[in-house]
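Undergrad: Shown below is the structure under consideration.
The values are calculated or read from the model by the stated rules, or taken from the named source; none is laboratory data. Everything quoted here is computed from the prediction, not taken from an experiment. Here the Cβ positions follow ideal geometry from the backbone for every residue, glycine too, while neighbour counts run over all protein chains shown.
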Amino acid sequence: MSFAILLAAADGAPDPMKLNLWVAGTALLVFAIAFSILYFKVWPVITKGLDDRNDKILGEIKAAEDARSQAKQALSEYEQSLAQAREQAQQTIAEAKAEAQRLGDEMKAANERELAERMARAKADIESARRAAVADIHANASELAAAVASRILKREINPADQAGLVSEALGELDEAGV
Amino acid sequence: MSNLLLAADSPLGHVLNGKSMWSEISWVGEIGDVASLHEVMLVLGGILLVLGLMFAASRIRTGRDGQGNERYVTRGRLAQIVEVIVVYLRDEMVQPILGEKQTRRWLPFLFSIFFFILVLNLVGLLPLQDLHHFFGLHHFLLGGTATANINVTASLALFAFVAIQVHSFRELGFLGWLDHLTCGLTKGPKGLWLVVPIVFAVEFAGVFIKPVALAIRLFANMMGGHILLATIIMLPSMAQLGLEPGSGAWFGVSIATGSFAVALTFLELFVAFLQAFVFMFLTAVFISLMSHEEHEDEDHDVDEVAAEVAAIH
C-alpha cells in the first residue's frame, strides 16, 4: 500500500459536510437539556456565590475605610485637643509668669515703700533722739556751767543769771557748731 | 498507534463521525444513526458538563453563616478553575461588550455554550477510539470530537442565532430591527434611500451569515486540527511503506513525527479552549451589535455622513 492508495481510500470516506439530522437533533436536545439544568441549578448558584463574595469584600473594604476614616478623625481630634491643651498650658504658664512678675513687682514696690517709710521713720527717730540728746546736753551743760560758774564766782547764781549764761553759752556752742 | 490510525484508512476516517458499538444493537440500528460516535459523545459531554458544573457550583456556593470568612472560599481545583474562567470571561471579556445588565441576562447562555463546546473539545482530545483498538475492542463505543461535526456546530449556531434575534427584538422592536438592518439610513438624506435596498440585503444576509460563520469556524478548526494531528501520527506508518521497518531512517521519522504530534496535541489543547471562547465571544459581540447603544452610534455615524454630504453639495 502506498500513500497514493491512502489518498484513494480517503475518497471513499464520508463527506464531512453531510447533513445528519439525527446528530443535529441530538445536539439541539442535549444542549437544550444541559442549558435548562445549568440555567436553573448552576449559574444562579455560581453568580450568587461570586456576588456574595464580592459584596463581602466590598463591605470589608468599606468597613476598613470607615474605620480608617474614624481613626483619622479621632487622631485629628486628639491632635487638635493636644494642641489646645498645649496652647492652654502655654497660656497658663504665661499668665503665671505675668502674675508672678506682677506679684514680684508689687512686693518689690511694697518693700521699697516700706523700706523708705522705715528709713524715714528711722531718720525722724534719729532726729528726735538727736534733738532730745542735744536738749539734754543743753540742759546738762547749763547746769554744769552754772555749777562751775558758782564755784568760780563763789556765789549763788540766780536763775536769771543762769538763764543768761546758758543762753550765752548756747550761743557760743551754736557758733562753735556743736 | 500509527498502525491503528492507518486502520482507519485515512485521516478523515479517524476524525469523521462513525457508528458506535450501540449502533449494532438491533433496535437502535433500526432508527438510523442515533447512536453514532458523535451522538454518544454529545450525550456524554452533556452529562459531564452538567455534573462537573453542578459539582463546581456546590463548591463555589456561599457557605453557612457559622463558617465566618471561610464560607466565601472556593475549595477544590475544578471549582477554582471554573471560577477563574467564569470571573475572567465575565469581567474582562463579556461585561465590557454587553454591559453589566445584559451580561447578567446573557451570562447563563453564553457560559453554557462556552463550557459545552469546551467539554466536547476536551473529551474529543482523549484517544478513546485508539484505546479501544489497542485493547482489541474493535467496536467503537466512545471517542471522537463532536464539535468537529458540522451538524453539531450548526445546532449550536442555531441557538446563538435565536439568542441574537431574541435580544434584537427585545431591545429594538420589529421596526427598530428593520431600521437596524438599514443602518439607520432611512433617517438620513433622501439620496441615501437609493442604497437602502443594498444595505438591507447585505445586513439581512449578515443576520444568517454570522451564525453560519460561527458554525463553520468551530467545525473547520476542530476538524482541521484533528486531521493534521492524525496525518502527522500516520507518517511513521506511511514511512514504513517506503522504508525498512526498524531502520535508522524509519526510527528518525517516527521520533520526529511523534514529537511533532505531542506538540500538536498541546496546540489542540489550546485550540479547544480558544474555539470555545471564540464561539462564545462572537455570540456576545453579535448580541451587543443589536443593542440600542450600537444603534445610536450608527445613527450618529449617519448624521456625520449626512453632514459631510451636505458640505460637499
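Undergrad: How do the pairs read when you match residues in the range B:44-66 that are under 23 Å from A:Val23 (Cα atoms) with residues anywhere that are assigned to a loop (DSSP other than H, G, I, E, B), using Cβ under 8 Å and keeping only pairs 6 or more apart or on different chains?
TA: B:Leu44/B:Leu142
Undergrad: Among the residues in the range B:57-66, are any modelled with pLDDT of 90 or more and polar (S, T, N, Q)?
TA: yes
The rows are residues; the columns are (1) more than 14 Å from every other protein chain (Cβ to nearest Cβ); (2) under 13 Å from the mean Cα position of the chain (by Cα); (3) part of a helix (DSSP H, G or I); (4) not acidic (Asp, Glu).
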site: B:Gly224; (1), (2), (3), (4): no, no, yes, yes
site: B:Pro236; (1), (2), (3), (4): no, no, yes, yes
site: B:Phe251; (1), (2), (3), (4): yes, no, yes, yes
site: B:Ser254; (1), (2), (3), (4): yes, no, yes, yes
site: B:Gly258; (1), (2), (3), (4): yes, no, yes, yes
site: B:Gln275; (1), (2), (3), (4): yes, yes, yes, yes
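Undergrad: Conditions: (1) surrounded by fewer than 12 Cβ atoms within 10 Å (Cβ to Cβ); (2) in a loop (DSSP other than H, G, I, E, B); (3) of a type outside the set (S, T, N, Q). B:Ile198 meets all but one. Number of the miss?
TA: Among (1) surrounded by fewer than 12 Cβ atoms within 10 Å (Cβ to Cβ); (2) in a loop (DSSP other than H, G, I, E, B); (3) of a type outside the set (S, T, N, Q), B:Ile198 violates only (2).
Undergrad: Using the structure shown, decide if B:Glu171 is modelled with pLDDT of 90 or more and among the acidic types (Asp, Glu).
TA: Here the answer is no, as B:Glu171 does not meet what is asked.
Undergrad: Would it be correct to say that A:Gly49 is within 14 Å of chain B (Cβ to nearest Cβ) and in contact with an Asp or Glu (Cβ under 9 Å, 6 or more places away or on another chain)?
TA: Judged against the criteria, A:Gly49 is a match.
Undergrad: Show the residue pairs meeting these rules: Cβ distance below 6 Å; 6+ apart or different chains; first residue within the range A:34-48 and assigned to a helix (DSSP H, G or I); second residue at pLDDT below 90.
TA: Listed pairs, sorted by first residue: A:Val45/B:Arg61; A:Ile46/B:Ile60.
Undergrad: Picking from B:Thr153, B:Thr103, which residue would you name as being within 12 Å of another protein chain (Cβ to nearest Cβ), assigned to a helix (DSSP H, G or I), surrounded by 15 or more Cβ atoms within 10 Å (Cβ to Cβ) and in contact with a Ser or Thr (Cβ under 9 Å, 6 or more places away or on another chain)?
TA: Exactly one of B:Thr153, B:Thr103 is within 12 Å of another protein chain (Cβ to nearest Cβ), assigned to a helix (DSSP H, G or I), surrounded by 15 or more Cβ atoms within 10 Å (Cβ to Cβ) and in contact with a Ser or Thr (Cβ under 9 Å, 6 or more places away or on another chain), namely B:Thr153.
Undergrad: Checking the condition more than 14 Å from chain A (Cβ to nearest Cβ), free of Cβ contacts under 8 Å to residues at least 24 places away in the same chain, surrounded by 16 or more Cβ atoms within 10 Å (Cβ to Cβ) and in a helix (DSSP H, G or I), which residue from B:His167, B:His180, B:His132 passes?
TA: After ruling out the rest, the residue left standing is B:His132.
Undergrad: Same structure again: Only one of these conditions is not met by B:Pro96: (1) more than 10 Å from every other protein chain (Cβ to nearest Cβ); (2) buried (at least 18 other Cβ atoms within 10 Å of the Cβ). Which number is it?
TA: Among (1) more than 10 Å from every other protein chain (Cβ to nearest Cβ); (2) buried (at least 18 other Cβ atoms within 10 Å of the Cβ), the lone unmet condition for B:Pro96 is (2).
Undergrad: Condition (residue is at pLDDT 60 or above and surrounded by fewer than 21 Cβ atoms within 10 Å (Cβ to Cβ)) applied to the range B:28-39: is it met by at least one residue?
TA: Scanning the range B:28-39 turns up no residue that is at pLDDT 60 or above and surrounded by fewer than 21 Cβ atoms within 10 Å (Cβ to Cβ).
Undergrad: Evaluate the range B:280-290: report whether one residue or more is over 14 Å from B:Val94 (Cβ atoms) and either at pLDDT 95 or above or not in a helix (DSSP H, G or I) (or both).
TA: Yes, there is a match, as at least one residue in the range B:280-290 is over 14 Å from B:Val94 (Cβ atoms) and either at pLDDT 95 or above or not in a helix (DSSP H, G or I) (or both).
Undergrad: Given (1) away from chain A (no Cβ under 14 Å); (2) part of a helix (DSSP H, G or I), where does B:Gly143 come up short, assuming only one miss?
TA: (2)
Undergrad: Which residues, counting only those in the range A:15-46, are at the interface with another protein chain (Cβ under 7 Å from one of its Cβ atoms) and polar (S, T, N, Q)?
TA: Passing the criteria: A:Asn20, A:Thr26.
Undergrad: Against the condition away from chain A (no Cβ under 14 Å), under 30 Å from B:Leu178 (Cα atoms), in a helix (DSSP H, G or I) and out of contact with any Cys (no Cβ under 7 Å at 6 or more places or on another chain), how does B:Ala205 come out, does it pass?
TA: yes
Undergrad: Tell me which residues, restricted to the range B:106-129, are among the hydrophobic types (A, V, I, L, M, F, W, C), away from every other protein chain (no Cβ under 12 Å) and in a helix (DSSP H, G or I).
TA: Of everything in the range B:106-129, those that are among the hydrophobic types (A, V, I, L, M, F, W, C), away from every other protein chain (no Cβ under 12 Å) and in a helix (DSSP H, G or I) turn out to be B:Leu118, B:Leu122, B:Val123, B:Leu125, B:Leu128.
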